[in-house]
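For reference, the structure discussed in these notes is given below.
Laboratory data are not the source of any read-out in this text; all were calculated from the coordinates shown. Remember, predicted model here, so these are calculated numbers, not experimental data. FYI the Cβ positions are ideal-geometry reconstructions off the backbone, even for glycines, and counts take in every protein chain you see.
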Amino acid sequence: MISPKEHLYPYNGLYQYQSIEGYIVWRYGTGETVELLQLKASEHRKGYGTFLVRHMLSELSDHPSHYTVYGFTRERLIIAQRFYLSLGFKLIRLPDYYREGSGVLFSQKLSVLLERQK
């Protein structure tokens, strides 16, 4: 699990995958992290978000399995927290992370995420 202060700059790539169902944006750190920046699915609870994350993970499958995939969401977005938990991410509450309130860090080793999608 990474800490919220472990942002690694500069990033060496920004990637986006777009489909009819939505889009996902992520970037690679210069260290051993991949940050999921944005996930926008057209509709909830239809598998679109899972499809987009799986696409991202398939793109990452050539990377070392010890890489950590992480991102942030707002604490009030319970549906997002449940979604990331269902994919195998661990969650940590970040008090006052956003100006408007607390946030949640989600992170997990790439190897764990890839194993869960088999």
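Got a number for residues in the range 38-56 being exposed (fewer than 15 other Cβ atoms within 10 Å of the Cβ) and part of a strand (DSSP E or B)?
2
Would you please name the residue that is farthest from L37 (Cα to Cα), looking only at residues in the range 82-112 that are outside any strand (DSSP E or B) and in contact with a strand residue (DSSP E or B) (Cβ under 6 Å, 6 or more places away or on another chain)? I'd like the intermediate steps shown before the answer.
So the first thing to find is which residues in the range 82-112 are outside any strand (DSSP E or B), and the list is 82-89, 99-100, 110-112.
In the following step, the residues that additionally are in contact with a strand residue (DSSP E or B) (Cβ under 6 Å, 6 or more places away or on another chain) were identified as 84, 88-89, 110.
Details: Y84: 13, G88: 18, F89: 15, L110: 16 Å.
The extreme case among them is G88.
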